[in-house]
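Notes for the one structure printed next.
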Amino acid sequence: MNKKKVIIVVIIIVALLLAAGLAFFLFLGKKGGSSKMKLFSDSDYPCEYKVTKSGVELTLDGSKTPNLKWEYEMKRDGIFEITTKSEENKGKVTYNIKVLRGGSTDITFKRKDELAGYNYDAASVKLTLFALMNEGEEYEIVVSEEASVDSEMTTKVAEDTDCPFMIVNSSTGYSYIVFPNGSSDWLVDDPSGKLRCSIGYSSDGIETFSFYDYEADSQLDYTATNNDAVNITAYETVITLTSEKRGRTEYIKVKVSEKGGIQLSLTEAPKDK
């Protein structure tokens, strides 16, 4: 057998092996086998799902906020049926999603919280699902790649007063302070003199405090309209929120990045206080 014939035989053998492997995996797929797909692994609220014979098995991890519970809402009813496979335990829960008829809809899973009557979403996981008919005239669920997660890590402060507030660090990069009952006589002081406090109101009328670095704002005003133009020295400082009426002072650490990003966290009084 010459060299050309040997090469042809080897190519044929490899092709047959590849075809056999493909047929094996297709067989598993028809039997409903599916590996787990992970979503948002680097976020505070990762989840995973796998396609089963009866639909989709979805597991959500809310262990970051174990005191809250998962809820869900569907944009369109009658396309999918959602049942709980296992009760929520330490923030983790598994749902079974079954097809009722063809179509598509958004399903949003949320962890809701509240402070002084102000309700907000601590976490929101949004999935788009399609119910499509296959060659066997059976419905299959396809999970769109356009899934999203949004979360807010919050710290509640002065809950024992008539004017509590909470520090919010959103996964989208924004940090601010929310006053559900208004800021009353809470006064801000920044010993560093590097920050400015902007008082605003959300769409539902809730008062908020946001903080900005003067130098970062100045660079944005005169050089560009996006944070790529900002280049400052990163630093940390501690600001205070003081209420004379309530006789208390709260200390908040402010971390400012080289690009002017702000991150807030509750902290203890500096040692020199």
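Assuming 0.36 nm per residue, please report the length gained on full extension of the stretch SER218 to LYS85 beyond their Cα-Cα distance. Before the final figure, lay out each step's value.
Details: separation 133, 0.36 × 133 = 47.88 nm, distance 5.41 nm.
Value of the extension gain: 42.5 nm.
Subtracting the Cα-Cα distance from 0.36 nm times the residue separation, let me have the gained length for LYS259 to THR108 in nm, one decimal.
51.1 nm
Just to confirm the filter: which GluC sites (Glu not before Pro) across the stretch 125-155 are DSSP coil and have at most 15 other Cβ within 10 angstrom of their Cβ?
Details: sites: GLU135, GLU137, GLU138, GLU140, GLU145, GLU146, GLU152; in loops: GLU135, GLU137, GLU138, GLU145, GLU146.
Sites meeting the loop and neighbour criteria: GLU135, GLU137, GLU138, GLU145, GLU146.
When the convex hull of the Cα atoms of the stretch 129-257 is projected onto a plane and the area is averaged over all directions, what value comes out in nm²?
Over all viewing directions, the stretch 129-257 projects a mean Cα-hull area of 12.7 nm².
Multiplying the sequence separation of SER210 and ASN119 by 0.36 nm and subtracting their Cα-Cα distance, what value in nm do you get?
Value of the extension gain: 30.8 nm.
With each label point set 7 Å from Cα along the Cα-Cβ vector, what nm distance links ASN67 and SER192?
The modelled label-to-label distance comes out at 2.9 nm.
Can you check what the net charge comes to around SER198, using other residues whose Cβ is under 13 Å from the Cβ of SER198 (Lys, Arg +1; Asp, Glu -1)?
Charge balance near SER198 sits at -3.
For labels at LYS75 and TYR235 in the simple 7 Å Cα→Cβ model, what's the distance in nm?
With each label placed 7 Å out from Cα toward Cβ, I get 4.6 nm.
Every number here is computed from the coordinates shown, using simple stated rules; none is lab data. Just so it is clear, the model here is predicted, and its values are computed rather than measured. All Cβ positions, glycine included, derive from the backbone under ideal geometry; neighbour counts span all protein chains shown.
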